[in-house]
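The values are calculated or read from the model by the stated rules, or taken from the named source; none is laboratory data. This structure is a prediction, so every number in the text was calculated from the model and none was measured. Cβ placement follows ideal geometry from the backbone for every residue including glycine, while neighbour counts extend to all protein chains displayed. To get the accessible areas, we keep the full protein, side chains included, count just its heavy atoms, and leave off ligands, DNA and RNA. Shrake-Rupley method; radii C 1.70, N 1.55, O 1.52, S 1.80 Å.
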Amino acid sequence: MLKETTLNHLPTNIRAPQYRREDVSVGIVHFGVGNFFRAHEAWYVDQCLALPGQSGWGIAGVGLNGGSRGAAKARAFQQQDGLYSLTEVAADGARTVSIIGALREYLLAPADPEAVLRRLADPETRIVSMTITEGGYNIDEKTGEFRLDTPAVQADLANPRRPATVFGYVVEGLRRRREAGVPAFTVMSCDNLRSNGHIAHTAFVGYARALAPDLAAWIEANVTFPCSMVDRITPGVDTATRNALNEASGLDDDLPVLAEDFSQWVLEDKFCNGRPALEKAGVQFVDDVAGYEQVKVRMLNASHILLGALGLLLGYRYAHETVEDADLERFANAYWTLDAIPQIDAPAGVDLDAYRQRLLSRFSNRAVADTLLRICSDGASKVQVFWTDTVRRSLTSGHDLERIAFGIAAYLEMLRGRDERGETYSPIEPTLDADQIALAAADDLAAGLALPAFDGWRDMDTTELDAAVVRARRAIRDQGVRASLPR
């Protein structure tokens, strides 16, 4: 098992932390210690910790989910002293392996909520970050407001000193800081959301306002919520992948992470209580993140879902298989060049065609072996985030809707859970109930358009788009994906 003592005798091909871990103190609390966070934010912070004067930016990870899985995850992190290996793989197969030491503590919130609250109230905590998924901010898509009616939020509002949600924890931590005269911390979303800082502001201030308006006013005056754009393909690691990573590295790591060699983080410099020297680790600080978000969301993320749905229907299971298919590569390029790129207002200096070519290379990375089920997971939330702007612009401008409609049709057909070979799979849709998913299997091919995935353009005249989706679904069912792909 990987532990602190392992660092003294690592294989020669493994990069060890370039700092003394015993000198590192916690300055960041992070909710949602998943693979992406460990390959992205923690990786950047790990580089910062090796710089002079940066030892106060170690990370305390927080797990919100209890049960056997949550307890097992916490136990693994604690047994490994927060250490794990990160294998970065290029499209040509070249790889590097590093031990990431930025995670100095892991707290399981349901097991010891007070420990989490103490850490949040600690003056040394200056940033609270999170990767809680696109759908984790509890925002009503119709009103844009924080939802107060969910049982978990209601429970926290009724018992705010013993919270269970990320909103309850963060706001209670801020309440304690205010009461003690301790400066506020920055709240930093690292989720794949447009305007994620604004969404985080809406969520946490909305919760606080329902709890105590004076506290909400203090948060608005003292807490900053920087927007960011994050990017790195980080697949899940199952037992077989874990074993393969350990065999290649020579380590005995229960928590290895695999990622592509590309990483990007574009961030607003809005930190109310200091920050690591992230710019020295490659983070881009800009005044306006929105343009970078648009490029990434409408080109990478949108095409990921598009190729994922089509690939699953054709019987593929990995991302690289989709771009190795000439028909799907052609369709993706048509979507990018005809639908996405002409309708994106890119930041100065960003070459969209070069970005398109880089995406093809990234998607082709066989070693990453990113699964299509992971890519398409929580599609109902992702479609709203990744497709809405392109759909709305196309509807407004009278742009050709054929490829967009085909993508929507493919997503709905994918929800049926059966590919063209007759093999089944299980779509991962945590925000949809059984009745909603059943709409995708209905004989009425328009029924699925009632799903919340498409609420982002519900207020517009979609008569033409809806008809095109129905035609595309019928063609997919009658002729198959390949024969019905738009030419």
* **Furthest towards positive pole of dipole, SER381, THR424, ALA405, structure part region 367-430, Cβ charges** => SER381
* Structure fact -> Here region 217-225 yields Karplus 3J(HN,Hα) values (6.51, -1.76, 1.60; θ = phi - 60°; whole Hz; Gly and Pro given as x) of 5, 5, 5, 4, 7, 10, 9, 10, 10
* To do: Pull out a ≥ b ≥ c, the square roots of the eigenvalues of the alpha-carbon gyration tensor of region 415-483, then state rounded if a/c is under 1.5, prolate if not and a/b is larger than b/c, and oblate in the remaining case.
  => oblate
* Asked: In terms of solvent-accessible area of protein heavy atoms at a 1.4 angstrom probe, what is the ranking of SER129, SER377, highest value first?
  -> SER377, SER129
* In Å², what does the accessible area per residue of region 215-270 work out to with a 1.4 Å probe? -> 35
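When the solvent-accessible surface of protein heavy atoms is calculated with a 1.4 angstrom probe, in what order do PHE204, PHE285 fall, highest first?
Numbers: PHE204 5, PHE285 60 Å².
So the residues, ranked largest to smallest area, are PHE285, PHE204.
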* Residue-span extension gain [ASP288 to ASN159] - 0.36 nm each, minus C-alpha spacing -> 42.6 nm
* Cα-only Debye scattering, region 4-287: base-10 log of I(q)/I(0) at q = 0.07, 0.10, 0.11, 0.14 Å⁻¹ -> -0.25, -0.51, -0.62, -1.01
* How far, in degrees from 0 to 90, does helix 166-180 lean away from the longest principal axis of the Cα atoms of the chain, to the nearest 10? -> 30
* To do: Would you kindly state how much longer the chain becomes between ARG95 and ALA111 on full extension, computed as 0.36 nm times their sequence separation minus their alpha carbon distance, in nm to one decimal?
  => 2.0 nm
* Pairwise centroid distance, computed over Cα atoms, of region 305-374 with region 203-221, Å -> 41
* For region 251-267, in order, what is each residue's ³J(HN,Hα) by Karplus, 6.51 cos²θ - 1.76 cosθ + 1.60 with θ = phi - 60°, in whole Hz (x at glycine and Pro)? -> 9, 10, 10, 7, 10, x, 10, 10, 8, 5, 7, 8, 8, 9, 9, 10, 9
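Extension gain ARG366-GLN18, at 0.36 nm per residue separation less the Cα-Cα distance, in nm? Don't jump to the answer; show the numbers that get you there.
Numbers: separation 348, 0.36 × 348 = 125.28 nm, distance 3.00 nm.
Answer, rounded to one decimal: 122.3 nm.
State the percentage of accessible surface on the chain attributable to carbon and sulfur atoms; use a 1.4 Å probe and exclude ligands, DNA and RNA. Mind showing how you got there, number by number?
Values: 9270 of 19360 Å².
Result for the chain: 48 percent of the exposed heavy-atom area is carbon or sulfur.
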* Structure fact -> Rounded to the nearest Å, the spacing of the alpha-carbon centers of region 237-279 and region 104-165 is 24
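What FRET efficiency comes out for the pair ARG393/THR5, r = Cβ-Cβ distance, R0 = 60 Å, nearest 0.05? Spell out each step's value before the answer.
On the way: r = 56 Å, r/R0 = 0.94.
Given R0 = 60 Å and the Cβ-Cβ separation, E is 0.60.
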* Let me know the shape class of region 290-479, please: from the alpha-carbon gyration tensor, a ≥ b ≥ c as square roots of the eigenvalues, rounded when a/c is under 1.5, otherwise prolate if a/b is greater than b/c, or oblate. => oblate
* **Cβ-defined net charge surrounding THR424, 13 Å radius [Lys, Arg +1; Asp, Glu -1]** => +1
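Please compare each pair in LYS270/LYS296; LYS73/LYS142; LYS73/LYS382; LYS270/LYS382 to a cut-off of 29 Å on the Cα-Cα distance and tell me which ones are over it.
Numbers: LYS270/LYS296 21 Å; LYS73/LYS142 36 Å; LYS73/LYS382 26 Å; LYS270/LYS382 26 Å.
Cα-Cα > 29 Å for LYS73/LYS142; rest within.
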* Structure fact -> Counting only protein heavy atoms and leaving out ligands, DNA and RNA, the solvent-accessible surface of ASP122 at a 1.4 Å probe, in Å² to the nearest 10, equals 50
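What number, in nm² with one decimal, is the all-direction average of the projected area of the convex hull of the alpha-carbon atoms of the chain? List each step's numbers first, then the result.
Details: hull surface 90.3 nm².
If you wrap the Cα atoms of the chain in a convex hull and average its projections, you get 22.6 nm².
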* Cα centre as origin, Lys/Arg/Asp/Glu Cβ charges: the chain dipole, Debye -> 720
* Scan around GLU260 for amide H atoms under 5 Å from its own, H built in the peptide plane at 1.01 Å from N, and keep only partners 5 or more places away or cross-chain. => VAL89, ILE233
* Asked: Whole-Hz Karplus ³J(HN,Hα) for region 37-42, in order, using 6.51 cos²θ - 1.76 cosθ + 1.60 and θ = phi - 60°, x for Gly and Pro?
  -> 4, 5, 8, 10, 4, 5
* TYR84's amide H: which non-local residues (gap 5+, or another chain) put their own amide H closer than 5 Å, with H modeled 1.01 Å from N in plane and none for Pro or chain starts? -> ILE100
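How much accessible area per residue does region 290-479 have, in Å², with a 1.4 Å probe?
Numbers: 7400 Å² over 190 residues.
On a per-residue basis, 39 Å².
Calculate the FRET efficiency for GLU124 and ASP435 from the Cβ-Cβ distance with a Förster distance of 51 Å, rounded to the nearest 0.05. Don't skip to the answer; put the middle values down first.
Numbers: r = 48 Å, r/R0 = 0.94.
With R0 = 51 Å, the Cβ-Cβ based efficiency is 0.60.
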* Regarding region 76-132, what are the three Cα extents along the principal axes, ordered largest first, in Å? -> 47, 25, 21
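Assign one of three labels to region 1-78, namely rounded, prolate or oblate, based on the Cα gyration tensor with a ≥ b ≥ c the square roots of its eigenvalues; rounded applies when a/c is under 1.5, prolate when it is not and a/b is larger than b/c, and oblate otherwise. Mind showing how you got there, number by number?
Values: a/c = 2.01, a/b = 1.33, b/c = 1.52.
The shape class here is oblate.
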* Structure fact -> The set of residues whose placed amide H lies less than 5 Å from the amide H of VAL286, leaving out same-chain residues fewer than 5 positions away, is LEU267, GLU268, ASP269
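Given a Förster distance of 22 angstrom, what is the FRET efficiency for ARG176 paired with LYS270, based on the Cβ-Cβ distance and rounded to 0.05? Intermediate results must be reported in sequence, preceding the final value.
Working: r = 23 Å, r/R0 = 1.04.
The value I calculate is 0.45.
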* Part-to-part distance (alpha-carbon centres) for region 27-45 and region 377-432, which is given in Å -> 29
* Asked: With every protein chain present, what accessible area does ASP287 have (1.4 Å probe, heavy atoms only), rounded to the nearest 10 Å²?
  -> 150
* Asked: What net charge do the residues around CYS48 carry, taking every other residue with its C-beta under 13 Å from that of CYS48, with Lys and Arg at +1 and Asp and Glu at -1?
  -> -1
